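Enquirer: Quick one: this structure, given as structure tokens, is what I'll be asking you about.
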Amino acid sequence: MTGTLHAEFLEQAAKNPGATALYSDAGVLTYRDLDERSRVLAERLAADGAGPGVPVGVCVERTPDLLVGILAVLRAGSCYVPLDPKYPADRLDFMVRDSGTRLLLTTPASRAACPAGPTVVVLGATVVTEPGERPVPVVPGDTAYVIYTSGSTGRPKGVAVRHSGCVAMLSELDRILADCDLSGVSAASSVCFDMSVMEIFGALSRGGAVVLVESAVHLPESRYVERITHLNVVPSVMNSLLDAGGLPPNLRSVVFGGEPLRRKLVDRAYRETGADRVFNAYGPTEGTVFCAFKLVPRDGTDEPTVGTPSACARVHVLDENLQRVPAGVPGELYLGGVGLAHGYVDRPLTTAERFVPDPFLPGERMYRTGDVVRLTDDGELAFVGRTDHQVKMRGYRIELGEIEARLTGCPEVREAAAVVHGARLVGYVVPAGGTGDGVRLDAALQSAITGRLAAELPDYMVPATVVFLDALPLTPGGKLDRAALPEPPAATTGGPVTAAGTPTEVALSQIWGELLSLDPAGIDVRAAFYDLGGDSLLLVRLARLMTRRFDRRVRVPDLFSFRDIFSLGRWLDDDSGETSEVVQSARRRATARRAVLRGRATPSGT
């Protein structure tokens, strides 16, 4: 097992079996527990055909079984393909077919979300009679995992990452974070996002504990939030957590990644938390989590760079002729070294286009990142922008072309474009009928379009606002002129408003108005928070504001169940808070809505 992603976990389990490896609201596991449970499951997977070169899907909710499953797949010699059970059914089905997954690991709770086709192994239903782990011939060059990223052609593409790149990344992480307290590392990232590899294995390789939470917005609600000493987080998420006062009280170090980092946020992190070390990390999935790191000083004034290249990365800043540019001159970043991925699964042409020969090291390849950077006089990399239309939302990499392809696939749409305005993803659509009404919003038409997209794309890729136009603006050359796309119009209900009718609804309207920059009097109490422009990052602040206003604990999960002011008001006014019909009805609506968005049911009785 030497030279593999999970090797150091096995060493820690042998040295300190009684130490806590995982804290989760669904259970706590020691290293011995995690070792034994993953070993037993690995034997079952090996018996079912797992081994080197065999992708195994992991479709498991965020419970201890998730870590058990990932470790079991690796111990069986296979690579894991993370499949978020909350993803739309069509996307999960594509990922399984595209990756060639024939064996899939799940739980009873997530079984219904699994695509048809692969052999399914359900945790809790395994029986192994022969003790002892069979040796599996895994070598550093084997694939450890396949993570799917957005694709400009309208389909996601799988990035195959080697064990050797993971080991080099963990070694570099160990050096960089040597003085940090990793006794409690928050794991809030989806396993479909490669920051999760750093969260999970960065802790387990050092003998620390993983604190598993549903997502970053659920962080303040974790039973074990006080055990978190180290946080890996996307800047936009950190801003929301700081605004809501939702950071772990014993936080000592923070690693930012996934989005550009600003000095103002660094200053807030130092000032408003107990952190004494704040880092900035940069790297594409194709380079194994990160390729540059920076300890951002407390008393600095300049905007943070992404730091110096890691010891395992080979970095070039080049012009369009693949010639090095001098310090201070922007150029495209090319990345090589031991962390370089195999390429894209079953995409030879795309792989050849992005993984090109390294002109400075014959026989080696380098990855064309598409990121424009400049090299400072101190040898650090400063992020400048992109060469294409790729964007980052909540840390996820999004190809606008994929969203545009899905938009134009809707029968209501003739042409479409997608851009980011502020922190919001906006779609621009020319309707199939063409009404000649100028720039406008249309709640009913937006609902129909985003409903279709939600059945095909993860929620972070569904535009929060859809603007309808008579025609898309074009350059003189006939190409889309993104800079000429208009600002989204102010949201209006476009119809009669169900006004607040109780003191609780009035108070909630005021809170929502404050968060969403809306006139409280114009908010329809039957409209969902998301339909009015809210997002998951605002839910933490909303929960805190409601808790203070009503002197009753409101949790983020409550806000997923009660999505409008009417149901929230009834819930808050009900003495039991648990048994009323409005509570049960809201939960049924939430469950039905999730099922519809995953393409597995149609709404009834809602």
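No value in this document is a laboratory result; all are computed from the given coordinates. Computed from a predicted model, the values in this text were never measured in an experiment.
Enquirer: Kindly work out what percent of the DSSP beta bridges joining two residues of the chain are antiparallel, to the nearest 5.
Expert: Details: 54 of 87 bridges.
Of the beta bridges lying entirely in the chain, close to 60 percent run antiparallel.
Enquirer: Can you give the Kirkwood hydrodynamic radius of region 402-484 from its Cα pairs, in Å with one decimal? Each step should come with its number before you reach the end.
Expert: Details: mean 1/r = 0.0776 Å⁻¹.
Taking every pair of different Cα atoms in region 402-484, averaging 1/r and inverting gives 12.9 Å.
Enquirer: Residue by residue, what Karplus-based ³J(HN,Hα) values in Hz, rounded to whole numbers, does region 54-67 have, using 6.51, -1.76 and 1.60 with θ = phi - 60° and x for Gly and Pro?
Expert: Here the 3J(HN,Hα) series is 9, x, 10, x, 10, 10, 9, 5, 7, 10, x, 4, 5, 5 Hz.
Enquirer: Once you have the alpha carbon radius of gyration of region 7-296, what is it after dividing by 2.2 N^0.38 Å, with N set to its residue count?
Expert: Working: Rg = 18.4 Å, N = 290, 2.2 N^0.38 = 19.0 Å.
Here the answer is 0.97, to two decimals.
Enquirer: Moving on to the next point. Note down, for region 311-390, the three equivalent ellipsoid semi-axes (square root of 5 times each alpha carbon gyration tensor eigenvalue), biggest first, whole angstrom.
Expert: Working: eigenvalues 94, 42, 26 Å².
Sorted largest first and rounded, they come to 22, 15, 11 Å.
Enquirer: I would also like to ask the following. Just to be sure I follow: if Rg is taken over the C-alpha atoms of region 449-532 and Rh is the Kirkwood radius over the same atoms, what is Rg/Rh?
Expert: On the way: Rg = 17.0 Å, Rh = 15.6 Å.
Radius of gyration relative to Kirkwood radius: 1.09.
Enquirer: Oh, and also: Give, to the nearest whole percent, the P(r) tail of region 24-74 beyond 13 angstrom, counting all Cα pairs.
Expert: 56
Enquirer: Sort largest first and round to whole Å: the equivalent ellipsoid semi-axes of region 144-223, each the square root of five times a Cα gyration tensor eigenvalue. If you can, show how the numbers build up before the last one.
Expert: Details: eigenvalues 120, 74, 15 Å².
The equivalent ellipsoid of region 144-223 has semi-axes of 24, 19, 9 Å.
Enquirer: Give the long-range amide H neighbours of VAL60: residues separated by 5 or more places, or on another chain, with amide H under 5 Å away, using H modelled in the peptide plane at 1.01 Å from N.
Expert: LEU83
Enquirer: Compute the distance from the alpha-carbon center of region 10-64 to that of region 307-353, in whole Å.
Expert: Region 10-64 and region 307-353 have Cα centres separated by 34 Å.
Enquirer: Next question, about the same structure. Collect residues whose amide H, placed 1.01 Å from N in the peptide plane, falls under 5 Å from the amide H of HIS421; neighbours closer than 5 in sequence don't count.
Expert: Those lying under 5 Å, H to H, from HIS421 are VAL426.
Enquirer: How many angstrom lie between the Cα centre of region 460-481 and the Cα centre of region 257-296?
Expert: One Cα centre to the other: 33 Å.
Enquirer: If I take every Cα pair under 8 Å that is 6 or more residues apart in the chain, average their sequence separation and divide by the length, what percent do I get for the relative contact order?
Expert: In percent, rounded to a whole number, it is 10.
Enquirer: Using the Kirkwood radius over C-alpha pairs as Rh, can you work out the diffusion coefficient of region 259-350 via Stokes-Einstein at 25 °C, viscosity 0.890 mPa s, in µm² per second?
Expert: Working: Rh = 15.2 Å.
Result for D is 161 µm²/s.
Enquirer: Would you list the P(r) distribution for region 169-287, with all Cα-Cα distances sorted into 10 Å bins from 0 and each bin expressed as a whole %?
Expert: Here the calculated profile for region 169-287 is 14, 52, 32, 2.
Enquirer: Ok, one more. Give the long-range amide H neighbours of THR465: residues separated by 5 or more places, or on another chain, with amide H under 5 Å away, using H modelled in the peptide plane at 1.01 Å from N.
Expert: GLY427
Enquirer: Run the reach check for LYS86 against aspartates and glutamates, Cα to Cα strictly under 13 Å, same-chain hits fewer than 8 apart removed. What comes back?
Expert: GLU61, GLU214, GLU456, ASP459
Enquirer: Using θ = phi - 60° and the Karplus form 6.51 cos²θ - 1.76 cosθ + 1.60, what ³J(HN,Hα) does each residue of region 167-180 get, whole Hz, x for Gly and Pro?
Expert: Residue by residue, region 167-180 yields 5, 5, 4, 5, 5, 5, 4, 4, 5, 5, 9, 4, 9, 9 Hz.
Enquirer: Distance from the Cα centre of region 390-413 to that of region 174-225, in angstrom?
Expert: 29
Enquirer: Based on C-alpha coordinates, I'd like the Rg and Dmax of the chain, in Å.
Expert: Just the Cα atoms of the chain yield Rg and Dmax of 24.4, 73 Å.
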